[in-house]
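The values are calculated or read from the model by the stated rules, or taken from the named source; none is laboratory data. All of these numbers come straight from a predicted model, not from anything done at the bench. Neighbour counts run over all protein chains shown; Cβ positions are idealised from the backbone, glycine included. Calculation scope for accessible area: heavy atoms of the full protein, side chains included, ligands and nucleic acids excluded. Shrake-Rupley method; radii C 1.70, N 1.55, O 1.52, S 1.80 Å.
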Amino acid sequence: MATASFNMQSVFIAPSGVLRSRNIRNSNQLFFKRNASMVVKCMAQDDLIKENSSSPSSSAAQPQIPSSPLPPPPVSKPKVSTKFGDLLAFSGPAPERINGRLAMVGFVAAIAVELSKGENVFAQISDGGVGWFLGTTALLTLASMVPLFQGIRAESKSKGFMTSDAELWNGRFAMLGLVALVFTEYVKGGTLV
C-alpha cells in the first residue's frame, strides 16, 4: 500500500518526461510516460482582463478585450421534486414536519384531556382516542402534503418569529415531550398531574 501511494505521489510530482519509481520494498521499476502532445490550458475571460489591466507594458503586444463586463447568468431556483416518493423519503421534506405537527397537537391534546378528565394517555387511547388520532393524522398529513405537491416549501414562506426551523424544533420537542409523558405515566402508574 505504501509503495502504491508513493508511486502515485511521484507521478504527480515528477518534473521529467519519464519517471522511475524508487525501490522501497521491492525491486520492480515502473515507467510512466507523459503525453507531451496533449496540453490543457484554462483561462477565464475575467482573469485575462485583470492581467491586461495590471500590466500596461504588455498590453500593446496583446489584443484588447472589450472592458464591458458580461451580465451574470440568470439565477434559477433549483427545481424541487413533487414526486410522492421523494416527498416522503427518509430525508424528504414531509416526514419530520408531519410527525412534528402531529406530536404538537397530540402533546397539547393529551395534557388538556389529562387536566380536564384526569385520565392518563393509555386511558385516553382506550376510551375512543384511536378514532381521533386517525382523523387528525389524515387531516394534518393531507394539509401538509398539498403545498409540497405544488412545489411550495415551508422554508420559502418562513419569515419573522415563526420560522420553519422554529416549527421543526417545536415538533422535535413535542415528540420528546409526548414520549416522556407516556413513559412517566407508565412508570408512575397514573396521571402526571
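Using θ = phi - 60° in the Karplus curve 6.51 cos²θ - 1.76 cosθ + 1.60, the 3J(HN,Hα) couplings for the range 90-97 round to 4, 9, x, x, 8, x, 5, 5 Hz; x is entered for Gly and Pro. Straightening the chain between LEU134 and GLU96 buys 11.9 nm, computed as 0.36 nm per residue apart minus the Cα-Cα spacing.
Between ALA180 and ALA143, what is the FRET efficiency for a Förster distance of 30 Å, r being their Cβ-Cβ separation, to the nearest 0.05?
Values: r = 27 Å, r/R0 = 0.89.
The calculated FRET efficiency here is 0.65.
Cβ under 12 Å from PRO95's Cβ, PRO95 left aside: what net charge do those residues give with Lys, Arg +1 and Asp, Glu -1? Let's see the in-between values first.
Details: positive: ARG97, ARG101; negative: ASP86, GLU96.
So the surrounding residues net to 0.
Surface exposure of the range 74-193, expressed per residue as accessible area with a 1.4 Å probe, stands at 69 Å². For the range 128-178, applying the loop criterion from DSSP together with a ceiling of 12 other beta carbons within 10 Å to the chymotrypsin sites (Phe, Trp or Tyr not before Pro) yields PHE161.
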